[in-house]
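Asks: Structure provided below as structure tokens; questions to follow.
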Amino acid sequence: MKHAINFGWQFMDDYKEEYLNKLPNSSQTIDIPHCAKEVPYNYFNEQDYQFISTYQKLFDIEENISDKKIILVFDGFMLKARIYLNGKDLGEHISGWVQVKLDVTDIVKQKGNRLVVVLDSREDKSIPPFGYAVDYLTFSGIYREVSYEVHPKTYLENIFVKSDISGKVKVEYDKIGDSEIKVSHKLLLDKEIAWESEVDEFKVENPSLWDLDEPNLYTLITKIESKDGEEEYRTRFGFRQAEFRPDGFYLNNKKVKLVGLNRHQGYPFVGFAMPKAMQEEDADLLKFNTGINIVRESHYPQSEHFLNRCDEIGLLTVNEVPGWQHIGKEKEWRDNFFIYLQKMILIQRNHPSLVAHGVRIDESQDDHELYEKANQVAHQLDPTRQTLGVRNFANSELLEDIYAYNDFSCDSMRIGLINPKKVKTQGKPYLVTEYMGHMDPVKPTSDERTKVEVALRHAKVIDDNYKYDNVCGAIGWCGFDYHTHVDFGSGDHICPHGVYDLYRNPKHSARIYASQLVKEPMLEVISNMKPGDYPEARYFDIYVATNCDYFDLFKNDEFVARYYPKHDQFKYLPHPPILVDDLVGKTFQEGRFKKKSWPRIAKMFTHAATQGFNALTLKEKLYLAYMMKKYKVTYAELVDYYNIHVGSWGGIAKTFTFKGYKNDELVIEKKVGPSSKYDLSVEVSKTTLKNDETYDAARVVIKHVDQNGSLMQYSNRVIKIETEGPIKVLGDSAQALLGGQLSLFVFSKNEPGKSRLMISMDGIVKEIKFEVK
């Protein structure tokens, strides 16, 4: 049985030999997950968290340990640690992104145990990914949970449930101990017994399959009996068949186009140290808010909480052995590579969401010896899944089952992806594993034109993904902004390649994905429609990302035009972004001109508003001159008409309303116009925090908005934060908005009770009530 020991640790941000006997009274009380050194959002010294620290946990064993095996389990610490229990040196162990399990049977006591962890978070060139420059930070601390397991002297580990869509099940495991065992199995679906067996191979009739829309999960309860005692193990899995083929990806023999994003697991202030709730929320954001169907664990195995949630909601994953470009030649480095690979596969191979093992260091050079063995290890430990290796140069040696390639060819709207006919895949399935990213990075504070252009380029890549039928799919770089070394990015330690920022707030690019893939009605104007943001005070091209059948555009409540999706620019997208190419439409009804001339003049006004007056063709200019002469309209009067109907620089600002329809029913409405009233919009992921194996967390999204709900994207006002009760907020008590918005991460303390979070700015006060259980 598993017992968590995450609350009430002691911590020192240094190490002295005397700490092995006792930590000083100045030690800090902390809970796990924990970051040994919190850092600012940006602009910090990456050496600040690279030091040796000391953790201590005093604990009792909660059940009788006579004739039992006791296993100490660390789910993840960064990077390596020397571990002591009751004064006994258990040796140095490397974790990084994988579990460390220690048999402490002969050392542990029923009561009064003292666990000391001397943690070294310095980068080490003998351990992947280190050895050269790395495009991500690794931070510090015991950042995943800690527990101990109590087993009979003879027990099982590494249980692997092999299954297929016909209902066949084969259970494999490693027996630890010498006693003979009797094994039996029960299979649960929605807590109901679906099958019982006393053999390790059996078949379930008409199994409910795991797929993207109905991710049916079974729980296998394996019971062992021996002279040493009884024990039950629960293993969750799904019946499904996932296969990458040369003509595409198939799930349960149905072809599925993969549209995905990569994920780094970092957050503001605490790096990787986030509890279950935030890991699960990332999966939910990617699946339900963004609509993607696959995520790549870049560039290391990620939290079991994240993967469990992917299982539950039907979000596919591919994993990746830790690394980035560099391959060490030293035996120690290569041994550590294989330790990572083996542990990653053993812990993840029961996840139905996992469809391939990444066995090659991301963007590394060829290494036949290393990668031939890596493929052999992966196929031996898990013959049910294909392997892939991510490369960033063509024609590299292909040892894996899937040709995975980082395609950064989209430098403009000219091209999204390379034609797969030009890629030498050697007849194997082809998967694009990265695109965009550094090709045109976007910060939350970037100018409007850059944000829109990058969003459209994401649309172009997705369009090409659908265009090339034999491409299994494309996984964009990346889901969330992340921290990186000072050698990369803008020197501020933030890599702004995400379609969400580091606080998990969406950029325009995220709206493109959502419009293609999210099932709920959505409509976002991916332009602030503020001509002052553009040269010559032009509107430029205004795009709307929506999955509606059409929308009606109104200007100051006057109907302008009805817009339908057009596939001329994005021929293969399910819902191409809609270009608003008429800002005047039916609102131009000036009686001074003949009625039949209204549409033509309206179209020319829009042309001038979006492209500039100099962009008018000679024919258009001659037509306007003819109209002015015929109806005795002066140039000043023509400009007045333009300002009345377009309202760009110096004209009367207009409010535009977009009404989206599905099946001729109004389903969504958005307004964009001049801001006159301001407020703080607050959204909370949840208000009940439940302490379980560790503390709980919630995300509070704060937006500076106007009366229409539009984001004040250039606002950097300071939010003041106060709390009452058993909660705490990451970061300082005053934090600045970033591009008009900010997320606060609220943690529960290890005590029940009611609490309040107060947020204030410019006299605006918001209160959120929480309850900790």
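Asks: Contour minus end-to-end for Tyr572 and Lys662, with contour as 0.36 nm per residue of separation and end-to-end as the Cα-Cα distance?
Replies: Length gained between Tyr572 and Lys662: 30.4 nm.
Asks: To continue, here is another question. In nm, what is the difference between 0.36 nm times the number of residues separating Lys191 and Lys422 and their Cα-Cα distance?
Replies: Length difference between fully extended and current span is 78.1 nm.
Asks: Still on this model: From the C-alpha gyration tensor of segment 11-163, pull out the three semi-axes of the equivalent ellipsoid (sqrt of 5λ each), sorted largest to smallest, in whole Å.
Replies: On the way: eigenvalues 166, 89, 33 Å².
Rounded to whole Å, the semi-axes are 29, 21, 13.
Asks: With a cut-off of 12 Å, note down the residues of segment 439-470 whose backbone N falls inside the zone around a label point 7 Å from the Cα of Asn42 toward its beta carbon.
Replies: 442-447
Asks: Using the Cα atoms of segment 51-117 to build a convex hull, what is its mean projected area in square nanometres?
Replies: Seen from a random direction, the Cα hull of segment 51-117 projects 4.5 nm² on average.
Asks: Put +1 on the Cβ of each Lys and Arg and -1 on the Cβ of each Asp and Glu in segment 405-528; which of Cys495, Leu431, Met522 then has its Cα farthest toward the positive end of the dipole?
Replies: Leu431
Asks: While we're on this one: Would you mind checking segment 120-162 for residues with the amide N under 15 Å from a putative spin-label position 7 Å along Cα→C-beta of Glu330?
Replies: Residues passing the 15 Å test: 122-133.
Asks: Suppose R0 equals 56 Å; then what is the FRET efficiency for Asp200 and Gln707 from their Cβ-Cβ distance, rounded to the nearest 0.05?
Replies: 0.30
Asks: OK, next. Express the Stokes-Einstein translational diffusion coefficient of the chain in µm² s⁻¹, to the nearest whole number, given a Kirkwood radius over alpha-carbon pairs, 4 °C and a viscosity of 1.567 mPa s.
Replies: Result for D is 45 µm²/s.
Asks: Sticking with the crude label model, points 7 Å out along Cα→Cβ, report the distance from Ala636 to His93 in nm, one decimal please.
Replies: In this crude label model, Ala636 to His93 measures out at 8.4 nm.
Asks: What is the local net charge at Ala561, summed over the other residues whose Cβ is closer than 10 Å to its Cβ (Lys, Arg +1; Asp, Glu -1)?
Replies: Details: positive: Lys555, Arg562, Lys586; negative: Asp552, Asp581, Asp582.
Surrounding charge for Ala561 is 0.
Asks: Once Lys and Arg get +1 and Asp and Glu get -1 on their Cβ, which of Leu307, Val295, Gln279 lies farthest toward the positive end of the dipole of segment 271-314?
Replies: Val295
Asks: Hey, another quick one. Measure off, as a whole percent, the carbon and sulfur share of the 1.4 Å-probe accessible area of the chain, all protein chains present. If you can, show how the numbers build up before the last one.
Replies: Details: 14900 of 31860 Å².
For the chain, the apolar C and S fraction of the accessible surface comes to 47 percent.
Asks: Over 23 Å between Cα atoms: which of Lys451/Lys686; Lys37/Lys80; Lys16/Lys88 fall into that group?
Replies: Lys451/Lys686
Asks: Moving on. Quick one: compute a quarter of the convex hull surface over the Cα atoms of segment 108-148 and quote it in nm². Mind dumping the intermediate values first?
Replies: Values: hull surface 17.1 nm².
Its Cα hull, projected and averaged over all orientations, spans 4.3 nm².
Asks: Taking R0 as 41 Å, what FRET efficiency do you get between Asn158 and Phe288 from their Cβ-Cβ distance, rounded to the nearest 0.05?
Replies: After rounding to 0.05, the efficiency reads 0.80.
Asks: If you don't mind, another one. Just subtract the alpha-carbon distance of Tyr233 and Asn395 from 0.36 nm times their residue separation and send over the number in nm, one decimal.
Replies: Separation in residues times 0.36 nm, less the Cα-Cα distance, equals 53.8 nm.
Asks: Once both labels are modelled 7 Å past Cα along the beta-carbon direction, what's the Asp549-Ile415 spacing in nm?
Replies: Using points 7 Å along Cα→Cβ, the separation is 4.0 nm.
Asks: Given R₀ = 41 Å, what would the calculated FRET efficiency be for Glu214 paired with Lys175, taking r from the Cβ atoms and rounding to 0.05?
Replies: 0.70
Asks: Please give the per residue accessible area of the chain, computed with a probe of 1.4 Å over protein heavy atoms only, in Å².
Replies: 41
Asks: Could you work out how far apart the two model spin labels at Phe269 and Arg122 are, taking each label as a point 7 Å from the Cα in the direction of the beta carbon, and quote it in nm?
Replies: 2.9
Asks: Might you report the magnitude of the Cβ-based charge dipole of the chain about its Cα centre, with Lys and Arg at +1 and Asp and Glu at -1, to the nearest 20 debye?
Replies: With only Lys, Arg, Asp and Glu charged at Cβ, the dipole is about 3240 debye.
The values are calculated or read from the model by the stated rules, or taken from the named source; none is laboratory data. Bear in mind that the values here come from a model prediction, so they are computed numbers and not experimental data. Note: ideal-geometry Cβ built from the backbone for every residue, glycine included; neighbour counts use all protein chains shown. To get the accessible areas, we keep the full protein, side chains included, count just its heavy atoms, and leave off ligands, DNA and RNA. Shrake-Rupley method; radii C 1.70, N 1.55, O 1.52, S 1.80 Å.
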